[in-house]
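See below for the structure under consideration.
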2 protein chains.
Amino acid sequence: MKFGGTSMGDLERIRRAARIVAAEAAAGKQVAVVVSAMAGKTNELVAWTDGAGRPSPKLAEQGIEPSDDEYDIVVASGEQVTAGLLALTLRNMGLNARSWMGWQIPILTDDAHGRARIEDVPGEVLGAAMDKGEIAVVPGFQGVSRSGRITTLGRGGSDTSAVAVAAALECPCDIYTDVDGVYTTDPRIESKARRLEKISYEEMLEMASLGAKVLQTRSVELAMAKRVPVRVLSSFIEPDENGVLPAKSGTLICDEEEIVEKRIVSGVTMSRDEARITLLGLSDRVEAPADVFTRLAEANVNVDMIVQSQARSEGAVNLTFTTGRRDAARAAELMRAAQPQLGFEELRVDEDVAKVSVVGVGMRSHAGVAQTMFRALADKGVKFQAISTSEIKISVLIDAAYAELAVRALHAAYGLEEV
Amino acid sequence: MKFGGTSMGDLERIRRAARIVAAEAAAGKQVAVVVSAMAGKTNELVAWTDGAGRPSPKLAEQGIEPSDDEYDIVVASGEQVTAGLLALTLRNMGLNARSWMGWQIPILTDDAHGRARIEDVPGEVLGAAMDKGEIAVVPGFQGVSRSGRITTLGRGGSDTSAVAVAAALECPCDIYTDVDGVYTTDPRIESKARRLEKISYEEMLEMASLGAKVLQTRSVELAMAKRVPVRVLSSFIEPDENGVLPAKSGTLICDEEEIVEKRIVSGVTMSRDEARITLLGLSDRVEAPADVFTRLAEANVNVDMIVQSQARSEGAVNLTFTTGRRDAARAAELMRAAQPQLGFEELRVDEDVAKVSVVGVGMRSHAGVAQTMFRALADKGVKFQAISTSEIKISVLIDAAYAELAVRALHAAYGLEEV
């Protein structure tokens, strides 16, 4: 079981989470619980580290690599507090519980402080404690490097911690959060959005990376790799007077094979976190685009969609690509700096764009998915500026003003409404 | 070096502490720094654990001992945060620093969670890091039990942590605090109080346990046992424009042999944390007092002064003893519950008392110390209700209303004024 920052927000919410944990234990289950820091706490801790400053460049002159190891010491304390408080609350209810810090289990990570990746979680220690009837409470987001220092996984890392612990214990993972599952699209955009009973890892991965914020992408990758069934469900539930939870609903993220009712399209996502950069009048020598993308890759700028078209001037092309909005300024600067070498005429950056995508494993076996998409958009007068596809998704870049309209049109075109 | 909660109260104060640390490092010293949590933080964390409740008695029925291990997980986080922030601040100034959690050094304690005692601090790991030129930053108050769980030392434990780390590193210990040393008496009571240049461990131990709040008693015990020179000095100092600190003043707590200028009395202390309990008309059979004090000892009530006097009624005595004020209600309840067995007529509890003490190693070799005390008190019309002595102190219990008057009278009688 995993509870997020809202579900750990204060002592009353911690008590509610504890009642849900108690109900699972009373139902005869062995339980490990992964917790986030109290909502807002991590931001406070990060602000303190910002105030304390970052390692001075002088250290590099002494041969000392700058590292976020001390940042991790400060920031990891938030989950340590909620883990202790939840264990105390469970004991106060008469349950046998104890907390396990990342370094005690251990949750082994690499030493990329502030954005560490989990390398290994041995299940023996937790498993032995749970076999004795203990509920194990584990702070999310934190681990320990092989050199024995506390690490953190980066924002949203608690989902990943939960999946890693479930994988170590070879059990399913229930993610309790402030939404009650994964929807066919954002219900704030399309009120007819429908909660999915099940969704495959591959689809969830596309949806997470395309803007559905239910789960952190890395947690879905890990669940897929380790075949951990993950259920997303609401933490706003209460056991009945007999301490029994309502039947589990939410959304199960699982193997494609376990989904009986096959759909062609499972969901529609939208992201405004995009920017479009166009190089007008780029030399049409074949090396020019390669040169552009090599420079971007070397600066760690991820490029998503690419479109090349004939320019007005002879012997020149227009090259359009999209990046995350955060990277746009840096990408533009890289291009401007290389203008003499690349030889383009004009650079345009447009952040007034959105990416709308349809996702579904059924695309693999069904033709006509793209036609349905393009017809639905054309019917509403929505023009698209670029396209990218994978085996199970199609994304289009459109004018941001049309984003919600496009989402609703596609949701209807694929018959995703609540029935 | 050790900095308390006020000196770690916010980022600006942490920066000031960092400048003092930097000045010591610039002077060529290898430095380890022990830090308290931000002032007020420990209280907040303790309040959260109170809200989460204490282990339910139901656990005991399952054979599970109640323990404050989860309390420690929550409360130890306060020092973890300041240790990380101070290390970051030092790095931001271009200094090579890193934090070491209690479990990383390790600061080994027993498993009495919430009030653990340090058993061992191996100096190898910290020493090796400091030999490489690193400033070691260590959270005070926390340790790790032999079973690998985080422990805390109880309130004021950071002083003890600092002395233990100094002992492990075989170096002196500078305690930076919000007073500039140890005084002959509390300057708020007697403005003529004088800062002591040096004071012996034995005297400091008596002063700390008699109410002088500069250092936690256990830290002085440890310093005495390990012969760690401890200097108490003000954290309200700044290095000059060359990064050099003013010459160290404060008070050095050290071996008696190192104190050249011998005084008969070093200080006068006063404590209101006392209660007087009197059993009137207790049976004069010889076992009766033993029975009283056995019952108190079994309930962990410490008794300080004891006076027995003849009662008015035949075959009965009046037995007076003092306890800490916190224990008074419990002690009275114990006595009332045992009234049939003990057979006393009446119980009186008086919390309107104070204990005034004079402390000095010179008492060992000088007669007349007590006479001076009694004469000074008599001259001011202060009656005493009980007396206790050790080799180097004399304490009297008096009416609380006379406490300050008595302190000033004794301070003058032993010639302790600033000259």
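The values are calculated or read from the model by the stated rules, or taken from the named source; none is laboratory data. Note that this is a predicted model, so its numbers are computed, not measured. Note that we place each Cβ from the backbone using ideal geometry, even for glycine, and neighbour counts take in every protein chain shown. All accessible areas refer to the heavy atoms of the entire protein, side chains included, with ligands and DNA or RNA removed. Shrake-Rupley method; radii C 1.70, N 1.55, O 1.52, S 1.80 Å.
Here are some notes:
- Taking each DSSP H run with n ≥ 4 as -39500 (n - 2.57) and averaging over every residue of the protein assembly as shown yields -10500 deg cm²/dmol at 222 nm.
- Peptides B:33-40, A:134-141, B:284-291 ranked from most to least packed, by the mean per-residue count of other Cβ atoms within 10 Å: A:134-141, B:33-40, B:284-291.
- Amide hydrogen neighbours beyond the local backbone of residue B:386, cut-off 5 Å, H modeled: B:397
- Average partner coverage of A:98-110, which counts Cβ from other chains inside 10 Å: 2
- Around the amide H of residue B:34, modelled in the peptide plane, lie the amide H atoms of B:2, B:3, B:138, all under 5 Å away and 5 or more residues distant in sequence or on another chain.
- The range B:187-262 and the range B:85-125 have Cα centres spaced 23 Å apart.
- Estimated inter-spin distance, residue A:347 and residue B:26, nm [label 7 Å along Cα→Cβ]: 4.3
- Once backbone amide H atoms are built at 1.01 Å from N, residue B:68 has B:113 as its partners under 5 Å, excluding neighbours fewer than 5 places away on the same chain.
- One quarter of the convex hull surface built on the alpha carbon atoms of the range A:1-124 amounts to 9.0 nm², the projected area averaged over directions.
- Peptide B:53-59 - average C-beta neighbours from other chains (10 Å radius): 6
- In nanometres and ascending order, the distances from the residue A:401 label point to those of the other copies are 8.7 (point 7 Å from Cα along Cα→Cβ).
- Spacing of the modelled spin labels on residue A:417 and residue A:379, each 7 Å from Cα toward Cβ, amounts to 1.1 nm.
- In order along the range B:376-382, the Karplus-derived 3J(HN,Hα) couplings, from 6.51 cos²θ - 1.76 cosθ + 1.60 at θ = phi - 60°, round to 4, 5, 4, 4, 9, x, 8 Hz, and Gly and Pro are given as x.
- Dipole check for the range B:2-258: with +1 at the C-beta of Lys and Arg, -1 at the C-beta of Asp and Glu, and the Cα centre as origin, the magnitude is about 540 Debye.
- Charge dipole of chain B about the Cα centre (unit charges at C-beta), most positive-ward option of B:310, B:108, B:222: B:222
- Working from Cα pairs under 8 Å separated by at least six residues, relative contact order for the range A:41-144 is 28 percent.
- Fraction of the pair-distance distribution of the range B:267-419 above 25 Å, Cα-Cα pairs, percent: 36
- For the set B:364, A:194, solvent exposure ranked by accessible area (probe 1.4 Å, protein chains only) runs largest to smallest as B:364, A:194.
- Centre separation in Å (Cα based) which lies between the range B:45-83 and the range B:347-382: 42
- Axis-proximal residue, chain A, for the rotation superposing A on B (Cβ, Å): A:77, 2
- Each residue of the range A:285-300 was assigned a 3J(HN,Hα) from its phi angle through the Karplus curve 6.51 cos²θ - 1.76 cosθ + 1.60 (θ = phi - 60°); the sequence is 5, 5, 6, 4, x, 4, 4, 4, 6, 5, 4, 5, 5, 5, 8, 6 Hz, with glycine and proline shown as x.
- For chain B, with all protein chains in place and a probe radius of 1.4 Å, 48% of the accessible heavy-atom surface sits on carbon or sulfur.
- Annotation for residue B:367, label-to-label distances across the other copies: 12.1 nm (shortest first, one decimal, point 7 Å from Cα along Cα→Cβ).
- Label-point gap, in nm, between residue A:131 and residue A:244 - each point 7 angstrom along Cα→Cβ: 3.1
- Placing a label point 7 Å from Cα along the Cα-to-Cβ axis, residue A:338 is separated from the same position in the other copies by 8.7 nm, shortest listed first.
- J(HN,Hα) series, the range B:184-201, from Karplus relation 6.51 cos²θ - 1.76 cosθ + 1.60, nearest Hz, glycine and proline x: 4, 7, 5, x, 6, 9, 10, 5, 7, 4, 10, 6, 8, 5, 9, 8, 6, 3
- For chain A, built as a Gaussian network whose Cα springs stay under 10 Å, the top-fluctuating residue of A:399, A:159, A:131: A:131
- Note on the range A:213-318: Kirkwood radius taken over Cα pairs, Stokes-Einstein applied at 25 °C and 0.890 mPa s, translational D equal to 127 µm² s⁻¹.
- Distance distribution P(r), the protein assembly as shown, all Cα-Cα pairs, bin width 20 angstrom from 0: 13, 34, 31, 15, 7, 1, 0 percent.
- Pairs of Cα atoms nearer than 8 Å and 6+ residues apart set the relative contact order; for the range B:262-419 it is 32 percent.
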